[in-house]
Structure formats: structure tokens, C-alpha cells
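Contents: one structure, followed by commentary.
FYI, it's all coordinate maths here, none of it is from the lab. Computed from a prediction, not measured in an experiment: that's the story for all the values here. For neighbour counting, all protein chains shown are included, and Cβ atoms are generated from backbone atoms with ideal geometry for every residue, glycine included.
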Amino acid sequence: MEFNNLTELAKAVSMDILRDEFIKNKKFPIDEYFSLDTSLLPDDKSGDMAREDPDEFIRLLNNSLKKRLNYLYEEGFLDKKKGYYRMYTSKELEKQINEISHDND
């Protein structure tokens with residue numbers, strides 16, 4: 001996929017990072033600055049764009065991660081516990097929905 005600017009690239013990479021972390025570890029640190037070795041990015045136009053200004057790319061990446069985590073938390077998909085964001089399971093979400101719908105009856 002080709003990106004038009006560094007911000008688009010950072011948003012896409014942040015989504016990949018969150019997806020991988022929630023699949024592998026089921027959690028993501030709340031207040032940790034994420035560091036990425038930009039030399040590990042693919043040797044393509046997008047990777048080259050990130051390597052041109054790695055500090056700015058990492059800053060944008062961390063902003064994207066923070067915004068996405070805050071959005072998911074505010075929308076009720078994540079829980080904050082012991083220094084981590086944790087994604088609710090399907091059963092936990094279903095239970096919350098049932099409780100809300102039961103309260104509204």
C-alpha cells in the first residue's frame with residue numbers, strides 16, 4: 001500500500017502495532033513511548049519516507065497510538081488495568097450490552 005504522507009503511514013503502522021499486540025499479548029502499555037527501529041521498515045517508498053525523518057515518524061506514530069487507544073477506551077472496547085489497556089473479550093462485551101439493554105427495559 002502506498003501512502004501520501006508521513007501521517008497516513010504512521011496511522012497505518014500504529015494500527016498494525018495495536019492489532020499485533022492485542023493478538024499476541026492481549027494488552028498494551030498505557031503510558032509507554034513506543035520506539036520503532038525504522039531500519040526494519042520495508043525498502044520501499046513508505047519505508048524511505050519514514051527513514052527521511054525518523055524522529056517525526058516516531059512522534060506521529062506515538063500520537064496515532066495514543067489517539068486510537070483513547071478512542072477504543074472511550075467507546076468501551078478497552079479496559080485500563082495495572083498499567084495496561086486490555087481489550088474486552090466477546091463475552092465481556094456481550095455481558096455489558098445485556099446489562100445496558102436490561103437496565104433500559
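Odds and ends about this structure:
- Computed over the chain, relative contact order equals 33 percent, with contacts defined as Cα pairs under 8 Å that lie 6+ residues apart.
- Under 25 Å from the Cα of Lys24 - lysines, other chains or at least 8 residues apart: Lys11, Lys66, Lys67, Lys80, Lys81, Lys82, Lys91, Lys95
- Likely footprinting exposure, Leu93, Leu6, Leu78, Leu61, fewest C-beta neighbours within 10 Å first: Leu93, Leu6, Leu78, Leu61
- What the phi angles of region 63-76 give under the Karplus curve with 6.51, -1.76 and 1.60, with θ = phi - 60°, is a coupling list of 4, 5, 4, 4, 5, 5, 5, 5, 4, 4, 5, 5, 7, x Hz, glycine and proline written as x.
- Hz values of 3J(HN,Hα) by residue in region 55-61 - Karplus curve (6.51, -1.76, 1.60), Gly and Pro given as x: 5, 5, 4, 5, 4, 5, 4
- Within the chain, the longest run free of trypsin sites (Lys or Arg not before Pro) that sit in a DSSP loop with at most 13 other Cβ atoms within 10 Å is 27-81.
- GluC sites (Glu not before Pro) within the chain: DSSP coil, no more than 12 neighbouring Cβ in 10 Å: Glu2, Glu32, Glu75
- For a modelled paramagnetic label at Asp31, 7 Å from Cα along Cα-to-Cβ, the residues of region 71-105 in reach, with backbone nitrogen under 17 Å, are 80-86.
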